[in-house]
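Structure first, commentary second.
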Amino acid sequence: MTARRKIAFHTFGCKLNFAETSTIGRILPAEDFELVDISEKADVYVIHSCTVTEAAEKKCNQFIRHLKRENPGSTLAVMGCYAEMKPDKLRAMPEVDLVLGNDQKFDLGRHLQQMARNEQQDKAPMHDVNNEFILSYSLHDRTRSFLKIQDGCDYYCAYCTIPFARGRSRSPTIESLLETAGRICDEGIKEIVLTGVNIGDFGKPDHETLYDLLWKMDKILPIPRIRISSIEPDLLTDSIIDLISSSGKLMPHFHIPLQSGSDRILTLMKRKYRGEHFAGRLEKIKKVMPHACIAADVIVGFPGETEDDFDETFTFVEDLDISYMHVFTYSERPGTKAVLMEGKVPAEIKKGRSKRLHALSEIKKRHFYDQNAGRNFNVLFESDPNKTELFGFTENYIHVKADFDHALVNEIVLVKLNKQDDQGSYFIMKNEE
């Protein structure tokens, strides 16, 4: 009988990747593999990759070289979206032993066993995702679980390769998700985060909707917290907002991609809304949930973005009641419509615009935290790996830290927000409410 091989995973990118990594690790044959932390010595290292920007690919390449340099005798596999879109580039790297696209990654164990037996690897064609949906969820800590409710995208925005990397929009039935979520609850986890590529598109194959799913989860699941991840503004309906506002389980926390405050640029991006609609979604949320957290994604330097376009975006965001931003510098993605567009923005100008929006985001975040000072919130605490402090989030996603107390890990505690540290987190003393 051969000894079990130690295998470690490292995940780049979105919450969806984390949900899938955890599932892939759990379905590996236990008689063949022993799962260990990425910081430990392993026989096999697996990188779950991201291709959303050039920077994401660069980080992946750097980590590949680092891992192989530190562990020269190990097997190194790369899977996921970067592997799907640029398999030949990864196969050309001497450090990489195995490349698996999004269809192949859930069969990781078989591919590794084939390698161990020196068998010929079957190389399925990339960019041809078969549109199967595989239920996935994370169990990487005791506190939160990322639950995959949707995959793929039908939007084909001008800057994005994800529809090519993950295929068409698809999702499972509500019934299957409730069953899976029930198993997560049985693990003692207190918060489920619903994730996907375009979760607002949930349910189309079975004539169901995201609202239907949220309503049933709210009514049925024995869990105190449910959070939704990024949702497109054109798919965020009044009914969803009203349901969240009236629920004790659905958290008042929204992540809504804006991408630009210029309607001209939104048109070039092939986005499905304009600034007025986005602002209307925020107005509706704040009307029924004044203390809700609202994050926005913004891209700077899209082809054709003039100084006037950027100024319009800056002013638009400055006037919005948002809590913070995720700012992305436009990165050319092969195969997208934007690559062929005129008006490329120089790198230094993109860098300057990004810096201005990051500074504005910090101002917005400080203002949001100050708005909530002195109020009582429930915080779900988790511990850092070094067990020197606790950290967690309020219902509306304010970061809170406290002195370490093992008894509070994975507990929801009522606290009063009254002291911020230098990083802007609220710090709660051990015996302070």
> When residues of the range 31-53 are filtered for being closer than 21 Å to Arg333 by Cα and either in contact (Cβ under 8 Å) with a residue 60 or more places away in the chain or surrounded by fewer than 18 Cβ atoms within 10 Å (Cβ to Cβ) (or both), how many remain?
Replying inline: 3
> Tell me, which residue of the range 101-132 that is modelled with pLDDT of 80 or more and basic (Lys, Arg) is farthest from Ala30 (Cα to Cα)?
Replying inline: Lys105
>> Looking at (1) within 30 Å of Ile299 (Cβ to Cβ); (2) modelled with pLDDT of 95 or more, which one does Ala56 not meet, given that it meets all the others?
In response: (2)
> Within the range 279-314, which residues are aromatic (Phe, Trp, Tyr) and either touching a Lys or Arg at 6+ places or on another chain (Cβ under 6 Å) or under 16 Å from Asp234 (Cβ atoms) (or both)?
Replying inline: Phe310
> Within the set of pairs 6+ apart or on separate chains, which have a first residue in the range 108-119 that is within 17 Å of Leu35 (Cα to Cα), a second that is in a helix (DSSP H, G or I) and modelled with pLDDT of 95 or more, and C-beta atoms under 6 Å apart?
Replying inline: Leu108/Ile24
> Any idea which residue in the range 96-107 is nearest to Glu132 (Cα to Cα), counting only those that are crowded, with 21+ Cβ neighbours inside 10 Å and touching a residue at least 40 places away in the same chain (Cβ under 8 Å)?
Replying inline: Asn102
>> Looking at Asn372, Asn378 in this structure, which one is out of contact with any Lys or Arg (no Cβ under 7 Å at 6 or more places or on another chain), of a type in the set (S, T, N, Q) and in contact (Cβ under 8 Å) with a residue 60 or more places away in the chain?
In response: Asn372
> Restricting the range 54-66 to residues that are of a type in the set (A, V, I, L, M, F, W, C) and surrounded by 13 or more Cβ atoms within 10 Å (Cβ to Cβ), which is nearest to the chain's Cα centre (by Cα)?
Replying inline: Ala56
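So that you can scan it fast, the table gives a plain yes or no per residue for (1) part of a helix (DSSP H, G or I); (2) more than 28 Å from Ile294 (Cα to Cα); (3) of a type in the set (Lys, Arg):
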residue	(1), (2), (3)
Glu312	yes, no, no
Phe316	yes, no, no
Ile322	no, no, no
His326	no, no, no
Ser331	no, no, no
Gly335	no, yes, no
Val339	yes, yes, no
Lys344	no, yes, yes
Glu348	yes, yes, no
> Counting only residues that are in a strand (DSSP E or B) and not basic (Lys, Arg), which one in the range 1-20 is farthest from the chain's Cα centre (by Cα)?
Replying inline: Ile7
> In the range 78-89, what count of residues is obtained for those that are among the hydrophobic types (A, V, I, L, M, F, W, C) and surrounded by fewer than 24 Cβ atoms within 10 Å (Cβ to Cβ)?
Replying inline: 1
>> One residue is enough: does the range 287-297 have a residue meeting the conditions among the acidic types (Asp, Glu), in contact (Cβ under 8 Å) with a residue 60 or more places away in the chain and touching a Pro at 6+ places or on another chain (Cβ under 6 Å)?
In response: yes
>> Yes or no: the range 365-383 includes at least one residue that is in contact with a helix residue (DSSP H, G or I) (Cβ under 9 Å, 6 or more places away or on another chain), closer than 23 Å to Glu318 by Cβ and not assigned by TED's automatic domain parsing to the domain that holds Ile228.
In response: no
> Pick from Thr161, Thr143: which is on the phi < 0 side of the Ramachandran plot and in contact with an Asp or Glu (Cβ under 6 Å, 6 or more places away or on another chain)?
Replying inline: Thr143
> Does Gly73 fit the bill of being out of contact with any Ser or Thr (no Cβ under 9 Å at 6 or more places or on another chain), of a type in the set (Gly, Ala, Ser) and assigned to a helix (DSSP H, G or I)?
Replying inline: no
>> Would you confirm, using the coordinates I've provided, whether Arg69 is surrounded by fewer than 22 Cβ atoms within 10 Å (Cβ to Cβ) and closer than 20 Å to Phe164 by Cβ?
In response: no
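The values are calculated or read from the model by the stated rules, or taken from the named source; none is laboratory data. Here the structure is a predicted model, which means the values were calculated and not measured. Cβ sites come from the backbone with ideal geometry, for glycine too, and all protein chains shown count toward neighbours.
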